[in-house]
Amino acid sequence: MNRRATLRVLGAAIGSLAGCTASNVRPPVANQPAPGNPDPIVGAGFPTTVCNAPANPDIGSKAIVTPAAGPNWDGLTVDERYRLRGEGEAKLTDETFVIGVERNGTARAYPVSILWWHQIVNDTLDGDPLIVTYCPLCQTGMVARRIVSGNPTTFRNTGQFWRPPDLYVGASLQEGRAFAASPYVDDAEVIFDGNLVLMDDLTGSYWSQVLARGICGRRAGTRLWTLTPDVMTWGEWRTANTNTDVLLPPPLSRTG
């Protein structure tokens with residue numbers, strides 16, 4: 001994985017797992033049942049009650065469910081939320097950090113400035129259904145096939161956070177299932193105060209983003225098939241992948 005940003009990953013992940021606080025446990029929404037059936041590792045993380053907490057996607061960031069892509073952002077009116085620190089306007093520049101994915105010659109860049117707000121992008125690249133995810137709370141990324149029980153599905157934000165056991169996080173980072181990323185140079189360090197919990201539409205199971213693993217529900221204990229992306233600037237990615245396109249910000253990419 002090519003990462004221009006400094007990745008002080010493993011030591012930071014194991015040494016600074018501060019854990020979730022009570023404020024991380026979000027209130028439920030009607031008609032969103034909790035999945036139950038916790039994986040055994042849930043009891044070693046925090047909170048141990050995450051599988052009993054109903055999903056609350058309306059309180060978290062909305063996942064991108066219908067992405068749009070183009071050669072660049074030229075001529076677009078972009079919401080100010082996608083403006084990075086120190087920039088006068090929201091735009092895509094050669095210095096914008098992206099998560100780059102390539103499948104059989106088809107390349108796409110996902111700006112971290114979009115992922116910071118939406119955290120999950122459900123996409124299809126060269127016919128392969130993928131999720132590109134980012135947890136801004138802890139600066140971890142994970143890219144995987146969005147296949148559950150042999151079928152493509154859509155992933156969404158549960159509105160919950162869960163801190164996995166330290167050794168599992170260290171192993172996931174070391175084995176490349178997850179990685180550190182940041183919108184800013186030299187900031188790509190895992191800052192672990194809690195981790196994004198995903199939910200798939202097919203089974204309603206909960207998934208740990210940093211572990212790429214089911215932690216609650218029917219798919220508890222199973223892993224997603226992860227990919228190894230590149231984390232670099234848009235200028236670097238475009239130079240290395242001349243045929244690339246890039247994710248366009250909402251409302252061109254639709255959330256849900």
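The values are calculated or read from the model by the stated rules, or taken from the named source; none is laboratory data. Quick caveat: nothing in here was measured; it's all calculated off a predicted structure. Note that each Cβ is placed from the backbone with ideal geometry, even for glycine, and that neighbours are counted across all protein chains shown.
So the values come out like this:
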quantity: Strands (runs of 3 or more DSSP E) completely within region 213-256 that count 3 or more residues being buried (at least 21 other Cβ atoms within 10 Å of the Cβ); calculated: 213-216
quantity: Answer residue from region 153-196, given it is closer than 30 Å to D94 by Cα, at pLDDT 90 or above and surrounded by fewer than 18 Cβ atoms within 10 Å (Cβ to Cβ) and is nearest to the chain's Cα centre (by Cα) among those; calculated: G176
quantity: Odd one out for N56 among (1) surrounded by 13 or more Cβ atoms within 10 Å (Cβ to Cβ); (2) modelled with pLDDT of 95 or more; calculated: (2)
quantity: Residue check for N122: at pLDDT 95 or above and over 17 Å from I99 (Cα atoms); calculated: no
quantity: Tally of residues being among the polar types (S, T, N, Q), under 19 Å from the mean Cα position of the chain (by Cα) and closer than 18 Å to G105 by Cα across region 227-256; calculated: 1
quantity: Check on Y110, touching a residue at least 40 places away in the same chain (Cβ under 8 Å), over 14 Å from the mean Cα position of the chain (by Cα) and more than 22 Å from D39 (Cβ to Cβ); calculated: no
quantity: Hits in region 163-173 - residues which are touching a helix residue (DSSP H, G or I) at 6+ places or on another chain (Cβ under 6 Å) and either over 14 Å from P40 (Cα atoms) or β-branched (V, I, T) (or both); calculated: D166, V169, G170, L173
